[in-house]
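J.: Let me give you the structure first, and then I'll get to my questions.
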Amino acid sequence: MIGRTKVAERPATLAEVRDILKARAKEGELGFEQSATLEYAEKFTKLSGAKAKELRKALEDLGSLPPEVVSKAVDLLPSTVAELRLLYSKTRFNLNEQQTKEVLDLVAKYK
């Protein structure tokens, strides 16, 4: 991408991706990959951009989840302990019962 530099790197939620691609679509035509990604994000995003941002901030404030798990939790909105555990199953990270309950309660507020 000519003229653009990477300032920071973090996992993005589908709602953020959708909002970024919509803004870029207003600037000019999107490439094939970007159009396909925008279509996917519009189809599978469950929250509005503002709600996703609020939930992301609330989950980050708990301090018990890595950034990758936070973004996936916002995208998938797990409702059971098993669904939540699947999000971090490939990491060396684990939640205790209290932390799991806090995360699931927070996610339930945004469903």
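This table checks each residue for (1) more than 13 Å from the chain's Cα centre (by Cα); (2) modelled with pLDDT under 90; (3) not in a helix (DSSP H, G or I).
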residue	(1), (2), (3)
Ala50	no, no, no
Lys57	no, no, no
Glu68	no, no, no
Asp75	no, no, no
Arg85	yes, no, no
Ser89	yes, yes, yes
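J.: Assess whether Leu47 counts as being surrounded by 13 or more Cβ atoms within 10 Å (Cβ to Cβ), aliphatic (A, V, I, L, M) and either within 30 Å of Gly28 (Cβ to Cβ) or in the same structural domain as Arg24 (by TED's automatic domain parsing) (or both).
T.: Working: surrounded by 13 or more Cβ atoms within 10 Å (Cβ to Cβ): yes; aliphatic (A, V, I, L, M): yes; either within 30 Å of Gly28 (Cβ to Cβ) or in the same structural domain as Arg24 (by TED's automatic domain parsing) (or both): yes.
So Leu47 passes the test.
J.: I'm trying to understand the selection: among the residues of the stretch 9-45, which are of a type in the set (Ser, Thr, Tyr), over 12 Å from the mean Cα position of the chain (by Cα) and closer than 25 Å to Tyr110 by Cα? Talk me through it step by step, then tell me what you get.
T.: We begin by selecting, within the stretch 9-45, every residue of a type in the set (Ser, Thr, Tyr); these are 13, 35, 37, 40, 45.
Subset that is over 12 Å from the mean Cα position of the chain (by Cα): 35, 37, 40.
Once the filter is applied, which keeps residues that are of a type in the set (Ser, Thr, Tyr), over 12 Å from the mean Cα position of the chain (by Cα) and closer than 25 Å to Tyr110 by Cα, the stretch 9-45 yields Thr37, Tyr40.
J.: Which members of the stretch 65-99 meet the condition of being hydroxyl-bearing (Ser, Thr, Tyr) and buried (at least 16 other Cβ atoms within 10 Å of the Cβ)?
T.: Across the stretch 65-99, the qualifying residues are Ser71, Tyr88.
J.: From (1) closer than 25 Å to Glu60 by Cβ; (2) surrounded by 10 or more Cβ atoms within 10 Å (Cβ to Cβ); (3) of a type outside the set (Asp, Glu), pick out the condition that doesn't hold for Arg24.
T.: (1)
J.: Okay, moving on. Any residue in the stretch 39-65 that's without any contact (Cβ under 8 Å) to a residue 12 or more places away in the chain: show its pairings with residues that are surrounded by fewer than 17 Cβ atoms within 10 Å (Cβ to Cβ) at Cβ separation under 9 Å, as long as the two are six or more apart or on different chains.
T.: Final answer for the pair search is Glu60/Pro67.
J.: Related question: Name every residue in the stretch 52-64 that is surrounded by 14 or more Cβ atoms within 10 Å (Cβ to Cβ) and either in contact with a Gly (Cβ under 7 Å, 6 or more places away or on another chain) or small (Gly, Ala, Ser) (or both), in order of residue number.
T.: Ala52, Ala58, Ser64 - these are the residues of the stretch 52-64 that are surrounded by 14 or more Cβ atoms within 10 Å (Cβ to Cβ) and either in contact with a Gly (Cβ under 7 Å, 6 or more places away or on another chain) or small (Gly, Ala, Ser) (or both).
The values are calculated or read from the model by the stated rules, or taken from the named source; none is laboratory data. Keep in mind it's a predicted model, so treat the numbers as computed, not measured. Note: ideal-geometry Cβ built from the backbone for every residue, glycine included; neighbour counts use all protein chains shown.
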